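Structure first, commentary second.
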Amino acid sequence: MDIWEKMYLKAKEQYQPHEVSPFIYAHHVVCALESENGEIYTGFCIESCSGVLDLCAERVAALNMYMQSQQTIVKRMIAFRDRPPYGGGSGMPCGACREFFMQLNEKNQDMEIMVDFDTRETVTLKELLPLWWGEERYQNGNQ
């Protein structure tokens, strides 16, 4: 079993779509992250009637990683609904999640994001955000 299958199975455990209340829907998007030290963290999406209250599975997984270990670097990520990513943009993090990972740690630009589970095609966060606005701030902060 390779790391992607291990991450898929961990995330799949979280896939239990249901209504929490007449306003909140949860567990319909799931995610697994592999941290820099090889640990796997999971998260699930929580959506409400008001978009600003929503929490994406990717950010929940990253927050779980940080809360449990204070790590901020992600090596790999897989996110999906009822089946693993199958290409065509499935499994891609939203813009807010992309931005969050870039701001969390500059090394996250190298994280691999699963595009197609069957072929093991991946893309890096830097490929999704090639001219990220915050690079200069990282460079100035590291001097």
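Checked across region 64-72, the condition of being assigned to a loop (DSSP other than H, G, I, E, B), modelled with pLDDT under 95 and at positive phi holds for no residue.
For (1) farther than 12 Å from residue 79 by Cα; (2) of a type outside the set (Lys, Arg); (3) at pLDDT 95 or above; (4) not in a strand (DSSP E or B), each residue gets a yes or a no:
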{"residue": "7", "(1), (2), (3), (4)": "no, yes, yes, yes"}
{"residue": "14", "(1), (2), (3), (4)": "no, yes, yes, yes"}
{"residue": "32", "(1), (2), (3), (4)": "no, yes, yes, no"}
{"residue": "43", "(1), (2), (3), (4)": "no, yes, yes, no"}
{"residue": "49", "(1), (2), (3), (4)": "yes, yes, no, yes"}
{"residue": "52", "(1), (2), (3), (4)": "yes, yes, no, yes"}
{"residue": "59", "(1), (2), (3), (4)": "no, no, yes, yes"}
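Sub-8 Å Cβ pairs linking a first residue in region 64-93 that is closer than 18 Å to residue 111 by Cβ and free of Cβ contacts under 8 Å to residues at least 24 places away in the same chain to a second residue that is of a type in the set (S, T, N, Q) and in a strand (DSSP E or B), at least 6 apart or interchain, are 64/42, ordered by first then second residue.
Quick one: in region 1-49, which of the residues that are under 15 Å from residue 84 (Cβ atoms) and in contact with a His (Cβ under 7 Å, 6 or more places away or on another chain) is surrounded by the most Cβ atoms within 10 Å (Cβ to Cβ)? Among them, the one singled out is 14. All conditions in (1) farther than 19 Å from residue 64 by Cβ; (2) at pLDDT 95 or above hold for residue 135, with the sole exception of (2). Contact annotation: residue pairs with Cβ atoms under 6 Å, 6 or more positions apart or on different chains, pairing a residue in region 27-40 that is β-branched (Val, Ile, Thr) with a partner that is assigned to a loop (DSSP other than H, G, I, E, B), are 29/81; 30/14; 30/15.
The values are calculated or read from the model by the stated rules, or taken from the named source; none is laboratory data. Keep in mind the model is a prediction, meaning the values are calculated, not measured. Note that we place each Cβ from the backbone using ideal geometry, even for glycine, and neighbour counts take in every protein chain shown.
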